[in-house]
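The structure under discussion appears below in the form of structure tokens.
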Amino acid sequence: MRLRKIFSAPAFTRCGRLGGETLVLLAVAGALSAQVAGQANSGYKTPEQRQGVATTLGNPERDQQQKPGQLVHDMGVQKGMTVADVGTGIGYMLPFLSRAVGPDGHVIAEDLFDDFLAAARDRAENQKLTNVAFVKGTETDPNLPEGQMDEVLVLDAYHHFDYPEKMLAAIHKSLKDGGKLVVVRLDMPDAIKEIEANHFHLVMEKETIRNSQYMLVLEKS
């Protein structure tokens with residue numbers, strides 16, 4: 001499939017020029033049982049609630065706490081890759097991912113909510129991120145192009161998945177052979193076992209921020 005066709009589906013909106021391979025990264029925090037996110041999503045039901053969440057997501061202190069530049073480096077993002085930011089929210093990671101993949105790479109920003117996508121699109125436009133496209137996902141599928149992903153990122157979003165097995169299956173389907181799922185979360189042991197049960201295998205784990213943030217890199221089996 002040619003890349004221009006990847007972004008031609010109605011679910012995608014374009015922000016500037018795109019082309020090249022596709023990378024997707026996933027940050028995870030939760031258990032793999034259906035309806036696991038009911039309580040976690042209670043604060044996201046209304047536009048007013050999401051506006052409050054957006055204020056937290058855009059806190060300037062977040063860079064120091066989460067170290068997004070180092071996170072992208074540790075994920076192994078390289079020029080020419082295409083990255084999908086699943087659960088992008090207001091697009092916090094988009095500038096870091098966009099710069100890392102360079103003008104020949106691509107970033108796909110996915111979210112369930114139109115207001116979050118609008119905020120992420122504004123961020124991309126304001127910072128002239130011409131290699132970013134946007135897609136609206138569902139509770140069971142992020143609607144990423146099949147077999148095109150090099151890696152997948154969902155930063156602090158997995159615990160909001162109502163149907164984690166279905167989401168993992170859809171992400172698995174979107175990855176290239178040997179594609180990687182990068183998981184960033186507050187703790188690891190249960191997640192490793194649960195994600196590996198869904199056709200991935202662990203290739204690396206790392207404490208990126210002492211006692212507060214962990215990275216798992218899992219390869220598509």
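Taking the criterion of being touching a Phe, Trp or Tyr at 6+ places or on another chain (Cβ under 9 Å) and either free of Cβ contacts under 8 Å to residues at least 12 places away in the same chain or of a type outside the set (D, E, K, R) (or both), the residues of segment 139-154 that qualify are 140, 143, 145, 154.
Within segment 132-151, is there a residue that is under 18 Å from residue 215 (Cα atoms) and buried (at least 17 other Cβ atoms within 10 Å of the Cβ)?
yes
Taking segment 88-115 as the search range and keeping residues that are touching a Ser or Thr at 6+ places or on another chain (Cβ under 9 Å) and in a loop (DSSP other than H, G, I, E, B), which one is nearest to residue 133 (Cα to Cα)? Checking each candidate, the answer is 105.
Taking the criterion of being of a type outside the set (Phe, Trp, Tyr) and either more than 15 Å from residue 220 (Cα to Cα) or crowded, with 16+ Cβ neighbours inside 10 Å (or both), the residues of segment 200-209 that qualify are 202, 205, 206, 207, 208, 209.
Kindly indicate whether residue 177 is in contact (Cβ under 8 Å) with a residue 60 or more places away in the chain, surrounded by fewer than 14 Cβ atoms within 10 Å (Cβ to Cβ) and either in a loop (DSSP other than H, G, I, E, B) or out of contact with any strand residue (DSSP E or B) (no Cβ under 6 Å at 6 or more places or on another chain) (or both). Spelling it out, it is not the case that residue 177 is in contact (Cβ under 8 Å) with a residue 60 or more places away in the chain, surrounded by fewer than 14 Cβ atoms within 10 Å (Cβ to Cβ) and either in a loop (DSSP other than H, G, I, E, B) or out of contact with any strand residue (DSSP E or B) (no Cβ under 6 Å at 6 or more places or on another chain) (or both). Cβ-Cβ contacts under 8 Å between residues 6 or more apart (or on different chains), taken from a first residue in segment 188-217 that is over 21 Å from residue 170 (Cβ atoms) to a second residue that is surrounded by 12 or more Cβ atoms within 10 Å (Cβ to Cβ) and among the polar types (S, T, N, Q), are listed as 207/213; 208/70; 209/66; 213/66; 214/208; 215/208. Looking at the structure I just gave you, is residue 191 at pLDDT below 85, more than 13 Å from the chain's Cα centre (by Cα) and crowded, with 20+ Cβ neighbours inside 10 Å? Against the criterion (at pLDDT below 85, more than 13 Å from the chain's Cα centre (by Cα) and crowded, with 20+ Cβ neighbours inside 10 Å), residue 191 qualifies. Criterion applied to 117, 168, 129 was being surrounded by fewer than 23 Cβ atoms within 10 Å (Cβ to Cβ), touching a helix residue (DSSP H, G or I) at 6+ places or on another chain (Cβ under 7 Å) and modelled with pLDDT of 90 or more, and the one residue passing it is 129. Any residue in segment 115-136 that's of a type in the set (Phe, Trp, Tyr): show its pairings with residues that are assigned to a helix (DSSP H, G or I) and at pLDDT below 95 at Cβ separation under 7 Å, as long as the two are six or more apart or on different chains. As it stands, the answer is 116/50, since those pairs meet every condition given.
The values are calculated or read from the model by the stated rules, or taken from the named source; none is laboratory data. Not measured: the values here are computed from a predicted model. Don't worry about glycine lacking a Cβ; one is built from the backbone with ideal geometry, like all the others, and counts go over all protein chains shown.
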